[in-house]
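Read the structure below first, then the notes.
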Amino acid sequence: EVGPDLLTVRGLTVRYGGVTAVSGVDLEVREGEIVGLIGPNGAGKTTAIDAISGFATAEGAVRLGDTDLAVLKPHRRVAQGLGRTFQAIELYEDLSVRENVIVGLTARAAHEADQDPVEETLALLGLGSVADRPAGSLSQGQRQLVSIARAIIGRPKVLLLDEPAAGLDSTESLWLGERLRGIRDSGITILMVEHDMGLVLSLCDRIHVLNFGELIASGSPREIRANQQVSQAYLGTS
Ligand code: ATP
């Protein structure tokens, strides 16, 4: 069930020296959606996620519901309900899967904890059977799931994912898609940067496309697939 705009981004601009990595980007994510953010290499996708989550200095407006996030440091944005994962996953290799997930619990302090958030989160990601294994023993697909579990144990309103399918084979990618649907159905809205077009087209309700830092298209998977400007951007002829 898709609701009103939950995350609203207006005029987002990030400059690195002479490079404008993100240029005047407007996008919104509605409550209950899974939204994709795609584009060729170097298009500015990670920079946009960094700017929304407060890790990159940006101009423009970022709102979560009625809350202005743009003025807040990253940890304050987390406290307001904005969770994220990183492209380079960092786990405590010697700690168990369960302990790695518990690390994310500090973000939950503001919420009244229901039953058992740890076991609930492990189950949502399908990690129950490996919960006692050291994180260092996991496959890449499982590591992604642990990093996502850590990001959602604080029950964010919006979860930002940076290439969750990176390094996954097609079976793991399908499994990941199912877990992301489960996360959305549990009440967490998702904005994901992803290169795996099969996953993006099958999973996302809407897709935003960046090219050279600018938003060139927004629409349903069907609309994006049919968009000439988007295929040209991917062919490098734009
Ligand atoms: P990819 O799909 O390859 O991960 P991307 O779409 O996520 O790419 P970004 O990593 O956001 O793209 O990069 C956008 C532009 O900003 C690129 O030109 C990149 O070189 C530049 N850039 C990114 N981070 C920095 C930084 N910390 N300092 C300087 N330039 C940067």
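Quick note: the coordinates plus some simple rules give every number you see, no bench work behind them. Predicted, not measured: the structure shown is a model, and the values here were computed from it. Virtual Cβ from ideal backbone geometry, glycine too; neighbours counted across all protein chains shown.
In table form, for the structure just shown:
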item: Inter-part distance where region 191-210 and region 62-77 are each reduced to a Cα centre, Å; result: 24 Å
item: Backbone HN-Hα couplings from phi across region 154-165 [Karplus 6.51/-1.76/1.60, Hz, Gly and Pro as x]; result: x, 6, x, 6, 10, 10, 9, 10, 10, 6, x, 8
item: Estimated D of region 43-176 in µm² per second, where Rh is the Kirkwood radius over Cα pairs and Stokes-Einstein applies at 20 °C, 1.002 mPa s; result: 138 µm²/s
item: Cα point-scatterer Debye curve for the chain, base-10 log of I(q)/I(0) at q = 0.14, 0.15 Å⁻¹; result: -0.89, -1.02
item: Euclidean distance of C-alpha centroids, region 166-182 and region 11-60, integer Å; result: 24 Å
item: Estimated translational D of region 42-106 in µm²/s (Stokes, Kirkwood radius over Cα pairs; 20 °C; 1.002 mPa s); result: 160 µm²/s
item: Relative contact order (%) - criterion: Cα under 8 Å, at least six apart; region: region 24-141; result: 20 percent
item: For 132, 5, order by how many other beta-carbon atoms lie within 10 Å, fewest first; result: 132, 5
item: Relative contact order [Cα under 8 Å, 6+ residues apart], the chain, whole percent; result: 26 percent
item: Furthest towards positive pole of dipole, 13, 92, 103, structure part the chain, Cβ charges; result: 13
item: Sum of side-chain charges, residue 63 neighbourhood, beta-carbon under 10 Å (Lys, Arg +1; Asp, Glu -1); result: -3
item: Compactness index (Cα Rg / 2.2 N^0.38 Å), region 1-72; result: 1.10
item: Relative contact order (%) - criterion: Cα under 8 Å, at least six apart; region: region 153-238; result: 24 percent
item: Choice from 116, 185, 196 with maximal GNM fluctuation in the chain (Cα, 10 Å cutoff); result: 116
item: The chain: most fluctuating residue of 147, 137, 23 per GNM, C-alpha cutoff 10 Å; result: 137
item: Over the chain: helical MRE at 222 nm, DSSP H runs n ≥ 4 each giving -39500 (n - 2.57), nearest 500; result: -9500 deg cm²/dmol
